[in-house]
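Step one of this worksheet: look at the structure below.
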Amino acid sequence: RLLAGGGGGWSFSTRCFSGKDGGRRAAGAGRGGAGLTREGAGPAEREQIPILQTNSGPGLTGLITIASHLVKQAKKEQLLGSSAEEKAVVHQWLEYRVTQVGRQSSREDTRTVLKDLNAHLEDKVYLAGNSFTLADILMYYGLHHVMVDLTVQEKEIYLNVSRWFNHIQHYPGVRQHLTNVIFIKNRLYTSAH
């Protein structure tokens, strides 16, 4: 929707693989459709790989590939970065989104991701610096379920992430159907000195 480029004939599916033997179990199809998994497969047992089937050519596989393609189709290339350096930074954060955020399996993994982002965002408005990019969009979607579950105190611990997340969720067209995560404006605790 934010990236939608007209009525182009896109079909989206998700392949699910078992983590135990790597064999394909099932594939779901349809516009925005979710994948099917074998009965009884738990979250740790499956990995979902998005696939975009276009009317003109072979299907595209992988979150970064599909998102980049859709950005170009929507003629919003600025979301990929404007300079060579910014493009590299955007791609770096897209890879981080897939390899770190997309594969969180424990609370410790989640804390590590939040610490990394909090440190990075200390002096930045957006992940790639001063420009809103695809990295911000995909990171927002990857972290939404985490941010919803954080306590007020945890949101304060990761203050830079909270500030960035709140800004991104109010960016026009981003939040869509996701719930609005509430952030309080006043700090609950003052530093004890």
> What number of lysine-lysine pairs in segment 50-193 show an alpha-carbon separation below 17 angstrom, given a sequence spacing of 8 or more or placement on distinct chains?
Replying inline: 7
> Which whole-percent values make up P(r) of segment 41-169 when all C-alpha to C-alpha distances are grouped in 10 Å steps starting at zero?
Replying inline: 12, 41, 33, 14, 1
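Can you order the peptides 139-146, 95-102, 169-176 by their average number of other Cβ atoms within 10 Å per residue, highest first?
Packing proxy ranking, top to bottom: 139-146, 95-102, 169-176.
Read-outs throughout are calculated quantities, based only on the coordinates presented, and are distinct from any laboratory measurement. From a predicted model like this one, the values you see are computed outputs, not experimental measurements. Because the Cβ atoms are built from the backbone with ideal geometry, glycine has one as well, and the counts that use them run over all protein chains shown.
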